[in-house]
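*Asks:* Quick one: this structure, given as structure tokens, is what I'll be asking you about.
Taken together, the values in this text are just the output of simple stated rules run on the coordinates, not laboratory data. Every value quoted in this text rests on a predicted model; they were computed, and no experiment measured them. Glycine also receives a Cβ, built like all others from the backbone with ideal geometry; neighbour counts cover every protein chain displayed.
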């Protein structure tokens, strides 16, 4: 039997690596980090850090080589961002042992035609999809074949400009939920069910991920059915580590949207050592544990309503994270930061998050550094 390793050092690569880097710090694992933003808190949690402009092999190779040379690292964990660069994930797998889904598994789950064919084979329901431009005789969404966080999803109409690299999915009204789960390649263990919500930045970006909380209005029967579906999907794709499954519930009906085959934002809603669990599950250990949940937690991204310059002397409220460097301008529609809230009652989470967001934006505006145009 193979020995499960929890390494002293790991390389973490994600578009925004704060969540994973913070989790590593809590788990007393030293993290070497590569991401796109170099947020203040991310850098503070990391043992060493590189900011890159993109996850192309050309951008990653020299900094990965430097980390391997200086720290003799053997393992890496990846987060969001490789949806656009699957070849880079394959490159990294030749340099390091990946703790998470293999590049092959990642690519299969991301291949929409393969994924929805698998749902058909496993008798799992999903909204109708089309891979050739449909007649706009029903409510269609247009979605990118590769993407994350709802970027590029919009309503499809007769006036929609023809696009490549997209598919179409019938709009399904209902409650958006997700389930965070651990997998060891054969079995799934549910960490928690969550409710998530989106925001519309414009017509072409109508479903941008906005927030999530660790509570969901799903019946026991629905949770049981989702868990059965997860077992099928884990076995079919050989999923490993932390993953999440996005779902729409409408009455008693359930519709699967996609799998995020990597640690997702919901990971930070649970007060458990999920990074170590991710590392162990990635090495085929089955993790069966109860999460520590005292009350409810919500997480929300704050998007800039207009261009916002972060001043040198700005004091961030305690519940803010993913903090941009001072002097950075957050352009209209870009994330400024994110906020988190803990409450004893689930129904108050959204209201508390919105209040925190309004107070933050008011505080930034009071500095006179917003440039509304």
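*Asks:* If one puts a single equal scatterer on every Cα of the range 42-141 and applies the Debye formula without solvent, what log₁₀ I(q)/I(0) results at q = 0.16, 0.19 Å⁻¹?
*Replies:* Each listed q corresponds, in turn, to -0.81, -0.99.
*Asks:* With N residues in the range 296-371, what two-decimal value do you get for its Cα radius of gyration over 2.2 N^0.38 Å? Write out the running numbers ahead of the final one.
*Replies:* On the way: Rg = 12.6 Å, N = 76, 2.2 N^0.38 = 11.4 Å.
Taking N as the residue count of the range 296-371, the ratio is 1.10.
*Asks:* Would you calculate, for the chain, the mean residue ellipticity at 222 nm contributed by helices, counting each DSSP H stretch of 4 or more residues as -39,500 (n - 2.57) and dividing by all residues, to the nearest 500? List each step's numbers first, then the result.
*Replies:* Values: 9 runs with 103 residues, N = 373.
Only helices count here, giving -8500 deg cm²/dmol.
*Asks:* On alpha carbon coordinates alone, what is the Rg over Rh value for the range 108-282, Rh being the Kirkwood radius?
*Replies:* Here Rg/Rh amounts to 0.96.
*Asks:* Oh, and also: Kindly put 208, 10 in sequence by how many other C-beta atoms sit within 10 Å of each C-beta, fewest to most.
*Replies:* Starting with the residue having the fewest Cβ neighbours, the order is 208, 10.
*Asks:* Go ahead and set up a Gaussian network model of the chain, Cα springs under 10 Å, then flag whichever of 154, 211, 174 fluctuates most.
*Replies:* Greatest mean-square fluctuation among the candidates belongs to 174.
*Asks:* Could you list 337, 330 so that the one with the fewest beta carbons within 10 Å of its beta carbon is first and the one with the most is last?
*Replies:* Working: 337 26, 330 20.
If I rank by nearby Cβ atoms, fewest first, I get 330, 337.
*Asks:* Where is the GNM fluctuation largest for the chain (alpha-carbon springs, 10 angstrom cutoff): 276, 302, 114?
*Replies:* Looking only at 276, 302, 114, the biggest GNM fluctuation is shown by 114.
*Asks:* Considering the convex hull of the alpha carbon atoms of the range 9-99, report its projected area averaged over all viewing directions, in nm², one decimal.
*Replies:* 5.0
*Asks:* Going by how many other beta carbons lie within 10 Å of each one, how would you line up 250, 366, fewest first?
*Replies:* The order, fewest Cβ neighbours first, is 366, 250.
*Asks:* Most mobile of 28, 325, 240 per a Gaussian network model of the chain (Cα springs, under 10 Å)?
*Replies:* 28
*Asks:* If you average the C-alpha positions of the range 177-205 and of the range 39-62 separately, how far apart do those two centres end up, in angstrom?
*Replies:* Between the Cα centre of the range 177-205 and that of the range 39-62, the gap is 25 Å.
*Asks:* What whole-number distance in Å separates the alpha-carbon centres of the range 330-368 and the range 91-139?
*Replies:* Centre-to-centre (Cα) distance: 33 Å.
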